[in-house]
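Comments concern the structure below.
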Amino acid sequence: MIDTLRQFIDFVIKAFALGLFASILLGWFEIPALRKLQRTLDAFYGVFLDPIRRYVRPVRFGASSPVGLDLAPLILLFLVWWLMHPFLMWVLN
């Protein structure tokens with residue numbers, strides 16, 4: 001039973017990380033055929049990213065740069081993949 005739960009949690013965390021990575025890529029490259037998927041992923045991951053974005057502003061490259069690098073997805077990936085995943089696997093051991 002515990003092994004099945006571990007496998008399920010492992011799958012969910014990997015699917016979450018893969019979806020977040022897909023959301024990041026779709027945000028960088030505007031592909032008209034995938035716009036609906038991009039909006040869906042943005043709505044789902046926005047719930048997790050918005051609290052991080054309140055505290056971590058985008059990093060701007062230069063004083064007059066109109067765009068910045070959003071670090072919130074990277075921080076969320078770090079929290080989920082390198083902190084939460086090992087912790088849950090340790091608890092279920």
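The values are calculated or read from the model by the stated rules, or taken from the named source; none is laboratory data. Just so you know, these numbers come straight off a predicted model, no measurement behind them. In this analysis, Cβ positions are derived from the backbone assuming ideal geometry, glycine residues included, and neighbour counts consider all displayed protein chains. With ligands, DNA and RNA removed, areas are computed over all heavy atoms of the protein, side chains included. Shrake-Rupley method; radii C 1.70, N 1.55, O 1.52, S 1.80 Å.
Helix 2-28: angle to the longest alpha-carbon principal axis of the chain, degrees 0 to 90, nearest 10?
Relative to the chain, helix 2-28 is tipped by roughly 10 degrees.
Would you work out the relative contact order for the chain, in percent, from Cα pairs under 8 angstrom that are 6 or more residues apart?
RCO, the chain: 35 percent.
HN-Hα J couplings of the range 86-93 from phi, Karplus 6.51/-1.76/1.60, θ = phi - 60°, integer Hz, Gly and Pro as x?
These are the phi-based 3J(HN,Hα) values: x, 5, 5, 5, 5, 5, 7, 6 Hz.
By how many degrees, between 0 and 90 and to the nearest 10, does the Cα long axis of helix 35-55 differ from the longest principal axis of the chain?
90
By accessible area of protein heavy atoms, probe 1.4 Å, what ranking do L83, L18 get, highest first?
L18, L83
Given the Cα-Cα distance of L74 and E30 and 0.36 nm per residue of separation, how much length would full extension add, in nm?
Between L74 and E30, full extension yields an extra 13.8 nm.
What does the accessible area of T4 come to, in Å² to the nearest 10, when a probe of 1.4 Å is used?
Accessible area, nearest 10 Å²: 90 Å².
How would M84, M89, M1 rank on accessible area, largest to smallest, probe 1.4 Å?
M1, M84, M89
Could you state the per residue volume, in Å³, of the convex hull enclosing the Cα atoms of the range 3-93?
Roughly 107 Å³ of hull volume per residue.
How large, in percent, is the carbon and sulfur part of the accessible surface of the chain at a probe radius of 1.4 Å?
72
Taking a label point 7 Å from the Cα of Q7 along the Cα→Cβ vector, which residues of the range 77-93 have an amide N closer than 18 Å to it?
89-90, 92-93
Restricting to DSSP H runs of at least four residues, report the calculated mean residue ellipticity at 222 nm for the chain, -39500 (n - 2.57) per run over all residues, nearest 500 deg cm²/dmol.
Taken over the chain, the calculation gives -21500 deg cm²/dmol.
Over the chain, with the other protein chains present, what is the accessible area per residue in square angstrom, probe 1.4 angstrom?
On a per-residue basis, 76 Å².
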